[in-house]
Amino acid sequence: WLKSSPPTSSPPALGIGRARLGEVMAAAIEVGARLHGKYSDGEFYPAEVVQVSAAKNRSKAPVKVKFVGYEDDAWMALEDLKSKKLGLPPKASAAAEPAAPKAKATAKAAAAAAAPSVDLSGLEKGTKLQAKAVDGKWYPANVVAVSTKKKDTPVKVNFTGYTGASDEWVGMDRIRNIKDAKAKSEAKKAASKGPTEKECVKVFGGSLKRFEHTSKVLGGCTMCFSAFIPEGAEGKKFPVVYWLSGLTCTDKNFAEKAGAFEAANTLGLVLILPDTSPRGEDVPDETPKEYDFGAGAGFYLNATSSKYKKHYNMLDYITKELPAIAKDLLPIDPTKAGIFGHSMGGHGALTIALKNPGTYKSVSAFAPICNPTEAPWGKKALPLYLGDDKKKWKEYDTVELIKKYKGPSFRILVDQGTADSFESADKKSKNEHQLRPDVLQKACDDAGIALCLRMQEGYDHSYYFISSFVQDHLKYHAAYLTGILRWCPDSLPSASVFSIPAEPPSTAGQEIECLAAVAFEPKKPLSMVKVKVGPPQKGEVRIKHTAVALCHTDAYTLEGCDPEGLFPCILGHEASGIVESIGEGVTGFVPGDHVIPCYQAYCGCCQFCKRPDINLCTSVRKFTGAGVMAGDGKPRFTYEGKPIYHFMGTSSFSEYGVVHKESIAKVRKDAPLDKICLLGCGISTGWGAVWNTAQVERGATAAVFGMGAVGLSVIEGLVKAGASKIIAVDLLPNKLELARTWGATDLVNPKDLPEGTTVQAHIVSMTEWGVDYSFDCTGNVQVMRSALECSARGWGTSVVIGVAASGQEISTRPFQLVTGRTWKGTAFGGWKSKPQVPMLVDMYMAGEVKIDEYITHNMDFKQINEAFELLHKGECLRCVLKF
């Protein structure tokens, strides 16, 4: 490599100056000499002398060398040359391909050393790029290390596409595609910080935002989702509903076509709209690409086949990763979540709800793929995602999941268009029975799950169909997520719901003798006697009462104030019980069912039942008003051989009673009967007056007159509706303080007002123009007038709840109505009893509404007269009597 002794030949005729000639000769350096040169990274590498100069401009670097294997030359100082044979750097393959970095001129190295630090952003261990090897060609490489101390060769790479090279420190001029590396690094950093907001538009007072993020669950894909946030979100948490779209859709389809945001804003719901599948160049798919598999068709499952399991994990994305992101990003209450979808998304919503019992408080679907293991779409997609094991397929089939469901009670709402081409029965069509709602109905019937399947005449599979009913679906979800019930099913659940078939009891068809509290005449205490209760006739149900609460309406009738009051009679209408036996033609009930008698009947057929916001069923009204049964026009109660009249079609102050099938609501069996009996009248009426009759909106102001149980339930309803100002009015200070604990913001006692100041004038002064809504819960006609006149002119609405005594009339100056006020009344809060009372029970069981707090006394049924004394003294809200 280097000559071991001074050269015998003469120095090359290169014009070396006298001052340097001796040094050059002493080093025995000549053209062609092999030695090691020091590169700017401080390491010595094999080189060959190509020129020696004594010129003044080369006095500090007189030797020009070429590093072995490279084309560039460099002038070197004598101290940067070594005669010791060092050999090749570690891992070098051969002398012809040394692992030395690309040589640079010493002047350039010095300039680089003095320059600012090299920009290494976007480069980190594992970054993929291209690097230039010793042969001058570019090869794929991975970054092994990055060092800011090595200014000229700051990046150590490992060549992945060139077997002849080792790990090597290189300069920035030997790597490329840094722009891509930077972009990936920035994306990775952005993902670690959370989703990026890409778009934001205002719509119906709220905001529609679109986010982008990197999904770990979906194999590192870049995913987008949209979210609608209602107005007034500052400092608030809203319930959230996830929408799952169908085949070929993205997160944008629903946002652009469904028309859901006005209702979502009004109801106070956050909507989250994810994509339908993983996306990206690295995401696998079938060839040729088809619409019903792969991108845009993730089927909301976790794939197990080797080809798809890395990316296609939409189940975990929807149920785990996305909710975690949403919790940190959006103003939501994750404990109040619902889910719905369309077609493939309907399949996803139903299966996800069934696979995660209790996680989603509400679930609905538009034209869902109900039985994919038997549908063409499913038979194509499931084996590709899951393999050939059909047991795995069933884990993503709604019908199969329903068959083995053991979770808490819940309801399902499904809309299906009758003109949907994907439910064609044409065997020549590729779309033959893709959806199978009939199979879903049977599965729910067999399992006792409450399915409301609505076959919408003439509607197809498109977003025209979805946009026609999406607001109704959101009302349904809001009922279970906000505790504000403003939705009513079009039909009753199947007979199997809440029922367990049982043998008829031994008393079926026979007369039963039992204890009853009979009102033989008005203004007298009730008499505890043994009465006989006849068996139910056609269309009738006999029940065994378990609990009954006292209501002021009972006292009002007992005092002789009810124009329909008949004596002798058995009062009572706020009760619960168990079906003992049923009469001829009765369907939907079996012995053992838990029920709530309802004085406001529901047949589902009359013109009042068919109207969406009316509950004044006429099917049995003329008979209940006359105290008899419709079958034969006679009572079912007798005492000493004489008839005892029924009261309000219920007559619950008796161990046993007979009611019309239209006047009884079947409820879930896990609900405590001694609590839910209150839903038969008072507090249900208060909630309904707010949500159904007045339809109070967020931010409204209201005044409530009378702080009994009904008045307090009105306040509870107003709080849930989001009223901003709630004025409680009562003559008793203790009741006003109780109202404050229920949510009243202001308290008014008319006794404390200055002389000559009416309560309505005082309330108007508190609110500038009057309240948006007022409610009378007293039955006093003078108070009813005050309630009307304290409502705002132009738009104020006053609701009469209390029942006035016989012969009483209400009055006001016509000008009060001419100037825009509305006077309304409500019966049973507008609830359609049979379909909606069970939903009120659901809300109570979910903790959305109060019942227990209204019960101030529990007593034995035999103490009923003592309980009435407490009621008259104003010492109880509700007293529950147990049989």
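The values are calculated or read from the model by the stated rules, or taken from the named source; none is laboratory data. If you're wondering where the values come from, they're calculated on a predicted model, not measured in any experiment. Cβ coordinates were reconstructed from backbone atoms using ideal geometry, including for glycine residues, and neighbour counts include every protein chain displayed. Ligands, DNA and RNA are excluded from the accessible area calculation, which covers all protein heavy atoms including side chains. Shrake-Rupley method; radii C 1.70, N 1.55, O 1.52, S 1.80 Å.
Worth a mention:
- With semi-axes defined as the square roots of five times the eigenvalues of the C-alpha gyration tensor, the equivalent ellipsoid of the range 745-789 measures 16, 14, 10 Å, largest first.
- Against the main long axis of the alpha-carbon atoms of the chain, helix 709-721 sits at an angle near 20°.
- Accessible area (Å², 1.4 Å probe, nearest 10) - Ser362: 0
- C-alpha center-to-center spacing [the range 322-357, the range 757-783] in angstrom: 44
- Residue-averaged [θ]222 nm for the chain, counting only DSSP H segments that reach four residues, each worth -39500 (n - 2.57): -7000 deg cm²/dmol
- Rolling a 1.4 Å probe across the protein heavy atoms gives the range 262-332 an accessible surface of 39 Å² per residue.
- By definition, a body whose alpha carbon gyration tensor gives a ≥ b ≥ c is oblate when a/c is 1.5 or more and a/b is not larger than b/c, and the range 360-480 fits this oblate description.
- Unit Cα scatterers, Debye sum, the range 222-302: log10 I(q)/I(0) for q = 0.15, 0.18 Å⁻¹: -0.60, -0.77
- Every Cα-Cα pair in the range 706-826 was counted, and those over 18 Å apart are 49% of them.
- The chain: antiparallel DSSP beta bridges as a percent of all, rounded to 5: 60
- Measuring between their Cα centroids, the range 637-689 and the range 804-855 lie 19 Å from each other.
- With DNA, RNA and ligands ignored, accessible area of Thr351 (1.4 Å probe; Å², nearest 10): 0
- All-pairs alpha carbon distance profile, the range 272-348, 10 Å steps from 0, percent: 17, 47, 28, 8, 0
- Cα gyration tensor category, rounded, prolate or oblate, for the range 411-520 with a/c compared to 1.5: oblate
- Net charge dipole, the range 440-511: roughly 320 debye, given to the nearest 20, about the Cα centre with Cβ charges of +1 for Lys and Arg and -1 for Asp and Glu.
- Shape category assigned to the range 297-447 from the gyration tensor of Cα positions, a/c cut at 1.5: oblate
- In terms of its Cα atoms, the range 804-864 spans 49, 32, 23 Å along the principal axes, sorted from long to short.
- Positive-end extreme of charge dipole, the chain - chosen from Val134, Leu753, Val270 (charges on Cβ): Val134
- All-pairs alpha carbon distance profile, the range 482-533, 10 Å steps from 0, percent: 16, 20, 21, 29, 13
- Point-to-point label distance, Ser421-Glu513, nm (Cα→Cβ direction, 7 Å offset): 7.3
- A straight chain from Lys403 to Cys200 at 0.36 nm per residue would run longer than the Cα-Cα distance by 68.8 nm.
- Distance violations [Cα-Cα > 28 Å] among Lys252/Lys394; Lys523/Lys622; Lys523/Lys850: Lys252/Lys394; Lys523/Lys850
- Cross-link pairs exceeding 20 Å between alpha carbons, from the set Lys336/Lys666; Lys661/Lys862; Lys530/Lys862: Lys336/Lys666; Lys661/Lys862.
- Hull shadow area, averaged, the range 778-883 [alpha-carbon convex hull, nm²]: 9.7
- Here each label is just a point 7 Å from Cα along the line to Cβ, and for Lys610 and Glu212 those points are 5.4 nm apart.
- Extending 7 Å from Cα along the Cβ direction at Leu732 and again at Lys824 yields two label points whose distance is 2.9 nm.
- Computed with every protein chain present, the accessible area of Ser147 is close to 20 Å² [probe 1.4 Å].
- Degrees separating the helix 376-386 axis from the principal Cα axis of the chain, which is the longest one: 50
- Of the residues Tyr385, Tyr480, the one with the largest accessible area comes first in the ranking Tyr480, Tyr385, computed with a 1.4 Å probe on protein heavy atoms.
- In a simple Cβ point-charge model (Lys, Arg +1; Asp, Glu -1; nothing else charged), the chain has a dipole of about 3960 debye relative to its Cα centre.
- With respect to the chain, whose longest principal axis is taken over its alpha-carbon atoms, helix 344-355 is tilted by about 70°.
- Short to long, the 10 Å bins of the Cα pair-distance histogram for the chain hold 2, 10, 16, 16, 13, 11, 8, 6, 5, 5, 4, 3, 1, 1, 0, 0 percent of all pairs.
- Here the range 255-303 is treated as a Stokes sphere of Kirkwood radius computed over C-alpha pairs; at 37 °C and 0.692 mPa s its diffusion coefficient rounds to 245 µm²/s.
- Whole-number percent relative contact order across the range 749-883, with pairs defined as alpha carbons under 8 Å at least 6 apart: 16
- Percentage relative contact order, the chain, counting C-alpha pairs under 8 Å, at least six apart: 6
- Dipole magnitude of the range 708-792 about its Cα centre (Cβ charges: Lys, Arg +1; Asp, Glu -1), debye to nearest 20: 160
- For the listed peptides 282-293, 225-236, a ranking on the average number of other beta carbons within 10 Å per residue, highest first, reads 225-236, 282-293.
- For the range 494-526 versus the range 118-136, the gap between their alpha-carbon centres in whole angstrom: 86
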